[in-house]
1. Local charge sum around LYS161 (other residues, Cβ-Cβ under 9 Å, Lys/Arg +1, Asp/Glu -1)?
2. Taking the 0 to 90 degree range and rounding to the nearest ten, how far is the long axis of helix 7-19 tilted relative to the main principal axis of the chain, both from C-alpha atoms?
3. Can you give me the long-range amide H partners of GLY200? Hydrogens built in the peptide plane at 1.01 Å from N, cutoff under 5 Å, separation of 5 or more residues or another chain.
4. Rounding to the nearest 10 and keeping the result within 0 to 90°, find how far the Cα-based axis of helix 327-351 lies from the longest principal axis of the chain.
5. Suppose R0 equals 35 Å; then what is the FRET efficiency for ALA295 and THR70 from their Cβ-Cβ distance, rounded to the nearest 0.05?
6. Remind me, relative contact order of the chain in percent, using alpha carbon pairs under 8 angstrom and six or more residues apart?
7. From the mean inverse distance of alpha carbon pairs (Kirkwood) and the Cα radius of gyration, derive Rg over Rh for the range 243-394.
8. Roughly speaking, what is the stretch gain from MET9 to VAL149, that is 0.36 nm per residue apart minus the C-alpha to C-alpha distance, in nm to one decimal?
Amino acid sequence: MDYQISEQMQQKLQRIDDFLKTHIIPLEPLLLTGQWPTLMENLNGLRKKVQEMGLWAANLPKDVGGSYTTLVDLALIAEVLGQSPLGHYVFGCQAPDAGNAELLHLHGTEEQIEHWLKPLAAGKIRSCFAMTEPHTAGSNPTLLDATAVLDGDEWVINGRKWFTTSAEGASFTVAMVVTDPDAEKHSRASMILVPLDNPGYRLIRNIPVMGHKGYGYFSHGEVEFTDCRVPASNLLGKRGQGFALAQERLGPGRIQHCMRWLGIGKRSLNEMCRYVKSRKISSTQTLADQQLMQAMIADSTAEIAAARALVLETAWTVENLGFKAARENISLIKFYTANILQRVVDRALQSHGALGMTDDTILAHFYREERAARIYDGPDEVHRLSVARKILKQTV
Ligand SMILES: Cc1cc2nc3c(=O)[nH]c(=O)nc-3n(C[C@H](O)[C@H](O)[C@H](O)COP(=O)(O)OP(=O)(O)OC[C@H]3O[C@@H](n4cnc5c(N)ncnc54)[C@H](O)[C@@H]3O)c2cc1C
């Protein structure tokens with residue numbers, strides 16, 4: 001196993017880091033104060049620069065305008081970009097577009113690639129992913145109840161979805177719906193592409209999340225499909241393949257999420273170190289002189305390093321031995337890294353005292369937005385159970 005970073009990659013990561021610190025992080029106050037139109041205008045300007053620099057869409061291959069090299073490289077880029085909540089968007093590899101584009105690239109028909117993937121990959125349109133429903137347990141998607149029925153050469157979709165991230169302003173969604181209710185439970189659902197200017201589709205609301213409603217790309221929608229008709233050719237992949245595609249979408253997605261979370265952890269730890277060195281708590285001492293603070297710094301450093309090694313090992317395994325060989329590790333990194341993220345951000349916030357609770361630093365944003373890391377893409381419990389069952393099965 002070798003995930004040594006080449007000299008060329010080191011330079012690339014440095015360029016991305018410099019760009020992030022010079023151009024992106026200074027825009028964060030616009031996010032934290034909800035100045036959405038100005039923020040988006042600035043971000044879209046930066047996206048053009050990133051495209052000109054040849055660093056656009058590190059998750060997609062060159063034939064669709066991306067700059068993908070290897071999964072390990074992508075993971076390393078995700079870590080750097082994760083240091084700012086704006087990083088992935090500016091570099092064109094943000095969820096949920098990234099997962100949708102990856103699926104379209106692998107399973108889209110020529111027509112779907114032309115119509116959906118090309119403008120999505122170029123950053124001209126946005127998309128969303130509608131799987132989770134308010135009334136069925138998202139942890140077990142075999143229970144989904146939104147349906148699509150074939151009527152002539154059209155699918156007729158009915159159902160309600162929520163936590164459809166970035167629905168506001170998106171041009172299309174990938175909807176996961178039941179097409180074959182009597183089939184074996186993992187073959188009941190399919191993925192269907194739905195243009196969101198469809199009269200049968202409605203964005204009901206942006207869901208308030210911990211006091212914030214978000215905006216556009218930075219929002220989570222509750223959406224409804226009522227006799228929503230789309231051409232039969234909008235099926236993505238094969239009929240009944242919805243669960244298989246969802247797994248395929250989530251595998252590389254979890255690696256990117258984990259590395260993004262480690263980027264957040266590193267930024268938070270850095271903010272903490274800078275603050276405790278500057279905060280005087282007596283005439284002779286700063287917070288940095290306190291051993292309890294030092295312990296938090298040491299623990300955070302160790303936890304980030306351990307998770308990072310595990311995530312990079314997983315990326316390497318997927319790249320070299322295939323997704324199947326890494327399945328258990330993907331569950332492991334998902335819950336392990338999400339919990340480390342939470343602990344590190346919590347310590348950084350604690351060390352800032354009352355300032356940590358304000359939106360004058362990025363920490364409260366991380367604390368609020370990233371609590372969800374332990375829930376989406378499979379809650380902690382589901383991944384822990386999956387790992388434990390596998391270990392128990394192997395034990396003789
Ligand atoms: C910020 C955010 C963004 C999201 N974005 C999207 C998106 O873009 N598209 C989309 O389709 N969905 C999205 N989701 C939804 C997410 O995938 C679901 O919330 C997740 O799958 C869990 O489903 P649920 O909320 O229905 O929880 P439930 O399935 O009802 O579970 C509730 C809780 O029960 C526990 N639990 C569940 N199963 C077990 C078990 N077997 N054993 C023990 N405990 C268990 C867990 O603690 C879990 O948190 C998002 C969610 C959040 C919070």
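1. Every neighbour counted, the sum reads -2.
2. 80
3. For GLY200, whose amide H was placed from the backbone, the distant partners under 5 Å are ARG229.
4. Approximately 40 degrees, to the nearest 10.
5. 0.40
6. 15
7. Working: Rg = 17.7 Å, Rh = 16.6 Å.
The Rg/Rh ratio comes out at 1.06.
8. On the way: separation 140, 0.36 × 140 = 50.40 nm, distance 4.82 nm.
Roughly 45.6 nm would be gained on extension.
Where a number appears in this text, it was derived from the coordinates with a stated rule and is not lab data. All values derive from a computational prediction rather than experimental measurement. All Cβ positions, glycine included, derive from the backbone under ideal geometry; neighbour counts span all protein chains shown.
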